[in-house]
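The numbers here are math on the coordinates, done by the rules we state, and not lab data. Keep in mind it's a predicted model, so treat the numbers as computed, not measured. Here the Cβ positions follow ideal geometry from the backbone for every residue, glycine too, while neighbour counts run over all protein chains shown.
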Amino acid sequence: MKLTGIEMRRIRMPLVAPFRTSFGTETERDVLLLRAVTDEAEGWGECVAMSDPLYSSEYVEAAADVLRRYLVPALAARPPAAATAVAPALQRFKGHRMAKAALETAVLDAELRGSGRSFARELGATRERVPCGVSVGIMDSVPALLDAVGGYLAQGYVRIKLKIEPGWDVAPVRAVRERFGDEVLLQVDANTAYTVGDAPLLAALDPFGLLLIEQPLDEEDVLGHVELSRRVRTPICLDESIVSARAAADAIRLGACSIINVKPGRVGGYLEARRIHDVCAANGIPVWCGGMLETGLGRAANVALAALPGFTLPGDTSASDRYFRTDVTAPFVLEDGHLPVPAGPGLGVEPIPEILAEITTASEWLPL
């Protein structure tokens, strides 16, 4: 495989409804897509960085800048013979995992398309479809939340995740349990909104039989999560704290969590995500696939990852219409609470040219 260039393409996609978390509200996605062109095929990667550095230190403009100035030139200086060589070629540059993940994914997709192999098969998927959960943002009122949850359950989602923050936690969880019953798989996500001092408040969630509390404390407060795990009966799941397989192994060894959320963009790519899966499987730790409001390109890769055997909990691999009226690829449609795993070469999906052209705000060609 000979890599000849990378196209950086910015697209803008409005959300069907505002999505509010403890760190802000999104009304549209400003997405950076990468197209890797080789002598055999083209491949796509999606950068999941947000417009502003709120979820992490990364943001779209910075991702585009580091790709243009450092990451793509590094591949030009050390052309990768395979996608597995991308991460080593970029290793000397600190951080920027979301940008690195997008670049590695684009190269991997091109490699797999050229050889006729599927993304799912390459990662080690064992299922043809995966169960889907849905993430429900912070609402203006409890009645609005109950309407939203009822709608998602009617669509067939098999698990509900509620975003929480101080002042919006026990009451909405209690309301959902009272309305929909204990049989609904329910979990909450704090996105680092609490401190160890809030342990009594988080322990007040224990009676509601939640699957987990996701990332309650700051991403760097691993020891705080250890203490919280001892004071709260509900399983603690780490998200933002897990940036690599090493970080996952350390958190497990310390007892900071009993479940891990794997977001490929956050950890530097799908190959590292697979290593995290393997570490967790070896330690008996359940994993599930998180989401970053991806387009159909990123969703296809996430669904493939979620089909690995260690992903035993439903992920945030929702259908396309959960976030977008029109996806950039053929839409992912919920079927009996599941999404099918694409089986075609590479990601198994590709952008629809007319839609891609309509939503593109900028593009740039970076030759190698």
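Side notes on the structure shown:
- Arg299 basic (Lys, Arg), in a helix (DSSP H, G or I) and farther than 19 Å from Ala125 by Cβ: no
- Restricted to segment 178-194, and to residues there that are of a type in the set (D, E, K, R) and farther than 13 Å from Leu212 by Cα, the residue that is surrounded by the most Cβ atoms within 10 Å (Cβ to Cβ) is Arg179.
- Lone unmet requirement of (1) on the phi > 0 side of the Ramachandran plot; (2) surrounded by 14 or more Cβ atoms within 10 Å (Cβ to Cβ) for Arg35: (1)
- Screening segment 41-98 for helices (runs of 4 or more DSSP H) wholly inside it with 2 or more residues that are closer than 23 Å to Val328 by Cβ and either free of Cβ contacts under 8 Å to residues at least 40 places away in the same chain or touching a Ser or Thr at 6+ places or on another chain (Cβ under 9 Å) (or both) returns the ranges 60-66.
- Set side by side, the residues Pro131, Pro53, Pro88, Pro80 differ, and just one is surrounded by 15 or more Cβ atoms within 10 Å (Cβ to Cβ), farther than 18 Å from Gly5 by Cβ and not hydrophobic (A, V, I, L, M, F, W, C), which is Pro131.
- Positions within segment 183-242 being in contact with a helix residue (DSSP H, G or I) (Cβ under 9 Å, 6 or more places away or on another chain) and in contact (Cβ under 8 Å) with a residue 40 or more places away in the chain, in sequence order: Ala190, Gln215, Asp239, Glu240
- Restricting attention to segment 123-158 and to residues that are in contact with a helix residue (DSSP H, G or I) (Cβ under 6 Å, 6 or more places away or on another chain) and not in a loop (DSSP other than H, G, I, E, B), the residue that is farthest from Leu334 (Cα to Cα) turns out to be Val142.
- Condition met for Thr361 (assigned to a loop (DSSP other than H, G, I, E, B) and surrounded by fewer than 21 Cβ atoms within 10 Å (Cβ to Cβ)): no
- Some residue of segment 102-120 being more than 30 Å from Gly344 (Cβ to Cβ) and part of a helix (DSSP H, G or I): no
- Close pairs (8 angstrom Cβ cut-off, 6 or more residues apart or separate chains): under 16 Å from Leu305 (Cβ atoms) in segment 243-263, polar (S, T, N, Q) anywhere: Asn261/Gln215
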